[in-house]
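A short write-up of the structure that comes next.
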Amino acid sequence: MAFTNEQLERYSRHILLKEVGAKGQKKLLNGKVLIIGAGGLGAPIALYLAAAGVGAIGIADLDTVDLSNLQRQVIHTTADIGKAKVQSAKETMQAINPDVQVNTYQIYVNAASIMDLIQDYDFIIDGTDNFAAKFLINDACVLQKKPFSHAGILRFGGQLMTYVPGEGPCYRCVFREPPPPDAIPTCRQAGVVGAMGGVIGSLQAMEAIKFLIGKGDLLTGKLLTYDALTMEFRRIKLPGRKDCAVCGEHPSITEPFDYEVPACDLKAEGESHENSPEL
Amino acid sequence: MDIKIDENLDITDVVCPVTFVKTKVALDELDDGQILAVRLNDGEPVQNVPRSVKEEGHQILKLLHNDDGTYTLLVKKVDDE
């Protein structure tokens, strides 16, 4: 595939980089990334991956755009209120870069749907807001040997890690089980600074780009945490667990399953699922 | 010394940074040791493109002054991967 003059100009800042070059940009254009959640994290991820020319981007979210989303979900505008988030996201992404094919999935991602959903993608990004979804995405990606980026944001904090099959622990190795209901507030209860989605979501987009071009070190076996109030990043080394229930030597989880989502997390009309109750 | 040119590129119709972007893309398409001849304008391109090519690890063989005021840069591709 040869670049058009327009592509050479659009992607010039990438092609100029030694680590990307024409080859890396072609890898991006041939890359397929799935973003689960079109909210606070999913918005910047989708914007940057579309702008970067990732060839096929899937985006999954059941919700519609709500006024309370717009403080952080920068891919949607006031005019999009009431529209399906995946549709609104797709329109913005294609307006930025018509090179990109956007696949929309207006579904609730659960044990019944996730295996088919992730199958065709090279890299999966968790931009969801609840533990049930995070464990589900982890288990499905481990079972299908798909690399993925996990992240969560709450108040002034955020965290992320990357799973690559065979190269480090999975999310379940580290966190084992969802916390008891109400042990940790959701963003809806606790709030979150909108820019937090920008910081952490952009880091997730960066992981996806590095994975696709095959350069640099990913956050495999490491959890990166960010505290905006103290302006501290910490990178914590994560041990793998041989007895992990999904990626260990004798896994007890052999197919994805759904945890019960706490009632307050269940989607009220027009509300969103984008933030994680993580930290 | 006779130099066998494997590929020609004209970047006199574009400006920075597309000048170098096009050169880089053309070099990416070549195999280790192949020679690219780049026709470029005087001024900014002739100041910057050879330097950028060198920074990428390729070997500059010659910079020839053409009669029409342009230059021809002969680059040998060095593939360090």
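Computed from the coordinates by the stated procedures, all read-outs in this text should not be read as laboratory data. Values in this document were obtained by computation on a predicted structure and should not be read as measured data. Cβ placement follows ideal geometry from the backbone for every residue including glycine, while neighbour counts extend to all protein chains displayed.
Listed values, structure above:
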{"read-out": "Whichever residue in segment B:24-33 is touching a strand residue (DSSP E or B) at 6+ places or on another chain (Cβ under 8 Å) and at the interface with chain A (Cβ under 10 Å from one of its Cβ atoms) and, among such residues, is nearest to A:Glu6 (Cα to Cα)", "value": "B:Ala26"}
{"read-out": "First in segment A:198-225 and outside any helix (DSSP H, G or I), second anywhere and of a type in the set (Asp, Glu), Cβ under 9 Å, 6 or more apart", "value": "A:Lys215/A:Glu19; A:Gly216/A:Glu19; A:Leu218/A:Glu167; A:Leu218/A:Glu207; A:Leu219/A:Glu207; A:Thr220/A:Glu167; A:Gly221/A:Glu167; A:Thr225/A:Glu232"}
{"read-out": "Search result, residues across segment B:6-56 that are assigned to a loop (DSSP other than H, G, I, E, B) and surrounded by fewer than 13 Cβ atoms within 10 Å (Cβ to Cβ)", "value": "B:Asp13, B:Val15, B:Asp31, B:Asp32, B:Gly33, B:Gly43"}
{"read-out": "Lone unmet requirement of (1) surrounded by fewer than 21 Cβ atoms within 10 Å (Cβ to Cβ); (2) within 20 Å of the chain's Cα centre (by Cα) for A:Ile137", "value": "(1)"}
{"read-out": "Among (1) out of contact with any helix residue (DSSP H, G or I) (no Cβ under 7 Å at 6 or more places or on another chain); (2) within 14 Å of chain B (Cβ to nearest Cβ); (3) touching a residue at least 24 places away in the same chain (Cβ under 8 Å); (4) farther than 22 Å from A:Asp120 by Cα, the one test that A:Arg13 misses", "value": "(3)"}
{"read-out": "Residue identified as of a type in the set (S, T, N, Q) and under 30 Å from B:Pro17 (Cβ atoms) among A:Gln25, A:Gln71", "value": "A:Gln25"}
{"read-out": "Residue satisfying all of: in segment A:16-35; more than 10 Å from chain B (Cβ to nearest Cβ), buried (at least 19 other Cβ atoms within 10 Å of the Cβ) and not hydrophobic (A, V, I, L, M, F, W, C); nearest to A:Asp120 (Cα to Cα) among these", "value": "A:Gly31"}
{"read-out": "Extreme residue, farthest from A:Pro178 (Cα to Cα), among residues of segment A:226-244 that are under 23 Å from the mean Cα position of the chain (by Cα) and touching a residue at least 60 places away in the same chain (Cβ under 8 Å)", "value": "A:Ala228"}
{"read-out": "So A:Leu49, is it within 23 Å of the chain's Cα centre (by Cα), part of a helix (DSSP H, G or I) and either within 21 Å of A:Ile200 (Cβ to Cβ) or within 14 Å of chain B (Cβ to nearest Cβ) (or both)", "value": "yes"}
{"read-out": "Qualifying residue in segment A:126-134 (condition: of a type in the set (Val, Ile, Thr) and not in a loop (DSSP other than H, G, I, E, B))", "value": "no"}
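Every residue, every condition in (1) buried (at least 18 other Cβ atoms within 10 Å of the Cβ); (2) of a type in the set (Phe, Trp, Tyr), yes or no:
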residue	(1), (2)
A:Val193	yes, no
A:Phe211	yes, yes
A:Met231	no, no
A:Gly240	no, no
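Condition check ((1) surrounded by fewer than 19 Cβ atoms within 10 Å (Cβ to Cβ); (2) of a type in the set (Val, Ile, Thr); (3) under 16 Å from the mean Cα position of the chain (by Cα)) across all residues:
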site	(1), (2), (3)
A:Ile75	no, yes, yes
A:Asp116	yes, no, no
A:His150	no, no, yes
A:Ile153	no, yes, yes
A:Thr162	no, yes, yes
A:Glu167	yes, no, no
